[in-house]
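Participant: The following block contains the structure, expressed as structure tokens.
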Amino acid sequence: MWESLDSWIAATGAVAASACALPGCFLLLRRQSLTGDAISHAALPGIVLAFLAAQMARQAGWLSDAGYEASRQLFLLAGAVVLGVGCAVGSEWVQRRGGVEPSAALGVVFITLFAVGLVLLRLIADQVDLDPDCVLYGTLENSVLDTVPLGSLVVPRALLRHLALFLLNLVLIGLFFKELRIASFDPGLANAMGIPAWLMHYLLMTMTAFTAVSVFESVGSILVIAMLIVPAATAYLLTDRLVVMLVLAALLAAASAWLGHAAALFVPRLVFPWLGYPQVTDASTSGMMAVVAGALLVAALLAGPRYGWVAQFLRRRRLATRIATEDLLAWLYRNAERGQALLPLESGRISQVTGMSRTRVRRAVGQLVRRRWIERTPDGLRLTAAGHTAAVNLVRAHRLWESFLAERLDVPAARLHESAERIEHYLDSQMLDELEAELQLPERDPHGSLIPRQARDE
Amino acid sequence: MNAENGSGKESASPLVIRDLTVAYHRKPVIWDIDYEAPAGRLIAIVGPNGAGKSTLLAACLDLVPRVSGEILVFGQPFRRQRGRVGYVPQRESVDWDFPVSALDVVAMGLYRRIGWCRPVTARYRKLALEALDRVGMAHLAHRQIRQLSGGQQQRVFLARALVQEADLYLMDEPFAGVDAATERAIVELLRNMRAAGKTVLAVHHDLQTVAEYFDDVVLLNMRLIAAGPVEQVFTIDNLRRTYGGKLALLDRVGHRMSMDVQLER
């Protein structure tokens, strides 16, 4: 069941995730998502080396035991930041010297550093209390046990540390908001105006390294990567404004933490007995946070207002319906030209003649009737006056485009119709006027049909 | 605010390039450029692809390192005159999916004046909106920039240059890929700028319109072929020399040199 300790775990995770999401937004926009990944990996040897340095300092007597305890955290931070930023600098150097692609250079550098870190970690793991698993996956569940009293509350130390980090990131991004924005959007102009883009680049790299290493103890270096990029990517799908994106990313990251912890508590108990493993009763919170963040991203992909698949599907269907109604309208007009003003009512026969599917015909007829462009009479379908106007403009577009293709682009007569069938739906009246002027008011199209003059609905 | 601390060099040319050579990391090379831009004129930079037109602009803005040479903006090095130079980069040089509105982009032209770490306040947003209005885009101020057409994006860039209130403008292909209406709008804008005493250097691709839109022309093909008033310099003979193929030897030497410059860095 959800206890007060669970709230503290979720809150600590939420603040850590939000702190990651802020620099993550800029990494994503600068197409440096991999850099965040690389920096958090490269920080590993920095942490180990700093740890060794601190130990050596203690053994040599430069640091008292109390001083060691107090400064250990600072040592680790410094080591990680130095190597994290070093990774960014080093990969740029490899890129320039080796003439290789940026992502390849980055890959070479950070994998090497990470490997060195792992080897060092294995070598010293037996003698010291630095646990590889803890580095990779974090120990969110345990980290909240270390608490400090704060007024009437007893607050996990990790929560306060992450809160300080979040505020630091917030202040830095707030202060340098416009400089980061211009350096990310248009580094050339930024440089020309005296806002050095490289400085902003390294500010962001330092922030990323600092953030990654500050939270890795709680959530693990693997989850850091997820929290840097995934909430930012989700927010990017949902908005067109940078400020909103930053706020959304932080909120989504926090939501991932709360939902992730809840899922870690309740989902395994529901799922695993059913799979035949009743002994599994919970899952790692940081793992579930990443899963939830991923699920939110998928949800945004599906349901996002502008780029979501659902919205796109609806838009595409609306376009298909529009094209079907217009085709039907033009077809009615051509029949009327041939003296056949009334058309069969059954969609089956229309479908046979026009080649549209039955459902599409039915939807198109419904649409046209609703708009009062055609009317149903006992004997069949008939164009109304308004429908006639609309149809004239369509047929005009079709025939003008055919004339244009034939005359200006020398397209053979047999291929004109197909192209015009498509283009007629996209020509507005201004383009038609231009076409007409360009072709000097043609009378007939290449097939010999009369091109109707523009009809306006009065 | 632009009359820099009375250095007494107001009579200096907006842009003086002396003996400029640039060879940098696969960018086109330019050699021994000597040029002095006359004030208050619209100047086209014309030359074939790979002639180093954009590189020349970048060198004037200290965006690429120089092998040799000197560039003076109103009599002083560029870094002391940043506020007097406006830059319009190529439209393709930025990511138009970036989550900013047209107004946000225009306001970027004011960042230098606003100063480090200060927010873009309502006063500056109003200035940006006025600039957008001057290019006929005020009604689209809050559109995300991806939703603008190519011509509209170019106008946003020009509005951003306008708010900089510079005296010398460097523009990289302002007419590339714009519609006819935007082209006319840009030409009118350039003429207004000239009337206000500004100097504009623009990389231009359409040879047909050089004489119509510009007063002066700089013919460039890795080296300066000719420069001066359009009616004197923009001749068939000079054009043939400009477009008569790149000099293969210059290209090869330049390539080798750019490698060395990289090593020296």
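Participant: Given a cut-off of under 8 Å on Cα pairs at least six residues apart, what relative contact order in percent is computed for segment B:49-188?
Facilitator: 33
Participant: How far is it, in nm, from the label point at residue A:73 to the one at residue A:422 when both lie 7 Å from their Cα along the line to the Cβ?
Facilitator: About 6.3 nm separates the two model spin labels.
Participant: Any idea what the relative contact order of segment A:312-383 is, in percent, if you count C-alpha pairs under 8 Å spaced at least 6 apart?
Facilitator: Relative CO of segment A:312-383 lands at 37 percent.
Participant: Then there is this: Just reorder B:139, B:205, A:162 by solvent-accessible area, largest first, 1.4 Å probe, all chains present.
Facilitator: The most accessible residue leads, giving B:139, B:205, A:162.
Participant: Please work out, to two decimal places, the log10 of the ratio I(q)/I(0) at q = 0.09 Å⁻¹ from a Debye calculation in which every Cα of the protein assembly as shown carries one identical scatterer.
Facilitator: -1.03
Participant: I need the per residue convex hull volume for segment A:312-383, using only the alpha carbons, in cubic angstrom as a whole number.
Facilitator: With only Cα atoms used, segment A:312-383 gives 76 Å³ per residue.
Participant: Additional query: Heavy atoms only, 1.4 Å probe, whole protein assembly: order A:25, B:117 by accessible area, highest first.
Facilitator: Solvent-accessible surface, decreasing: B:117, A:25.
Participant: Here is a follow-up. Checking the a/c ratio against 1.5 first, then a/b against b/c, what shape does the Cα gyration tensor give for segment A:1-140?
Facilitator: It comes out oblate by the Cα gyration axes.
Participant: Taking 0.36 nm per intervening residue step and subtracting the Cα-Cα distance, what contour gain separates residue A:429 from residue A:306 on full extension?
Facilitator: 41.5 nm
Participant: Carbon and sulfur: what percent of segment A:4-235's accessible surface (1.4 Å probe)?
Facilitator: 68
Participant: On full extension of the chain, what length is gained from residue B:207 through residue B:118, given 0.36 nm per residue of separation minus the C-alpha to C-alpha distance?
Facilitator: Full extension of this stretch gives 27.6 nm more.
Participant: Apply the Debye scattering formula to chain B, with a single equal point scatterer on each alpha-carbon and no solvent, then give log10 I(q)/I(0) at q = 0.08, 0.09 Å⁻¹.
Facilitator: So the normalised log intensities are -0.33, -0.42.
Participant: Oh, and also: Say we join alpha carbon atoms closer than 10 Å with springs in a Gaussian network model of chain B; which of B:95, B:104, B:62 then has the biggest fluctuation?
Facilitator: Residue with maximal mean-square fluctuation among B:95, B:104, B:62: B:95.
Participant: For the pair residue B:184 and residue A:382, what calculated FRET efficiency results from E = 1/(1 + (r/R0)^6), where r is the Cβ-Cβ distance and R0 = 35 Å, to the nearest 0.05?
Facilitator: 0.15
Participant: What does the accessible area of residue A:238 come to, in Å² to the nearest 10, when a probe of 1.4 Å is used?
Facilitator: Counting only protein heavy atoms, the figure is 70 Å².
Participant: Averaged over every viewing direction, what's the projected area of the C-alpha convex hull for segment A:4-235? Give it in nm², one decimal, please.
Facilitator: 14.7
Participant: Can I ask one more? Just from its helices, what would the mean residue ellipticity at 222 nm be for chain A, if runs of 4 or more DSSP H residues each count -39500 (n - 2.57) and the sum is divided by every residue, rounded to the nearest 500 deg cm²/dmol?
Facilitator: -25500 deg cm²/dmol, from helical runs alone.
Participant: Given a 10 angstrom Cα cut-off, can you work out which residue in B:93, B:54, B:149 is the most mobile in a GNM of chain B?
Facilitator: B:93
Participant: In whole angstrom, how far apart do the alpha carbon centroids of segment A:19-84 and segment A:132-201 sit?
Facilitator: 14
Participant: Any idea what the relative contact order of chain A is, in percent, if you count C-alpha pairs under 8 Å spaced at least 6 apart?
Facilitator: 16
Participant: While we're looking at this one, here's another question. How much mean residue ellipticity at 222 nm does chain B get from its helices, if each DSSP H run of length 4 or more adds -39500 (n - 2.57) and you divide by all residues, to the nearest 500 deg cm²/dmol?
Facilitator: -10500 deg cm²/dmol
Participant: Quickly work out the residue A:450-to-residue B:241 label distance, labels modelled 7 Å from Cα along the C-beta direction, and quote it in nm with one decimal.
Facilitator: Going by the 7 Å Cα→Cβ label model, 6.4 nm.
Participant: Here is a further query. Between segment B:96-158 and segment B:177-242, what is the C-alpha centre distance in whole Å?
Facilitator: 26
Participant: Turning to a different aspect of this structure: What FRET efficiency comes out for residue B:195 versus residue A:317 if R0 is 35 angstrom and r is the Cβ-Cβ distance? Round to the nearest 0.05.
Facilitator: Working from the Cβ atoms, E equals 0.10.
Participant: Same structure, new question: Can you give the FRET efficiency to the nearest 0.05 for residue B:16 and residue B:215, using r as the Cβ-Cβ distance and R₀ = 30 Å?
Facilitator: About 0.95, to the nearest 0.05.
Participant: Apply the a/c threshold of 1.5 to the C-alpha gyration tensor of segment B:122-251 and tell me whether it is rounded, prolate or oblate.
Facilitator: Prolate, since a/c reaches 1.5 and a/b exceeds b/c.
Participant: Shifting gears a bit: Less than 10 Å Cβ to Cβ from residue A:446, Lys/Arg counted +1 and Asp/Glu -1: what total charge do the surrounding residues give?
Facilitator: -1
The values are calculated or read from the model by the stated rules, or taken from the named source; none is laboratory data. In this text, all values refer to a predicted model and were calculated from it rather than measured experimentally. Glycine gets a Cβ as well: all are built from the backbone with ideal geometry, and neighbour counts include every protein chain shown. To get the accessible areas, we keep the full protein, side chains included, count just its heavy atoms, and leave off ligands, DNA and RNA. Shrake-Rupley method; radii C 1.70, N 1.55, O 1.52, S 1.80 Å.
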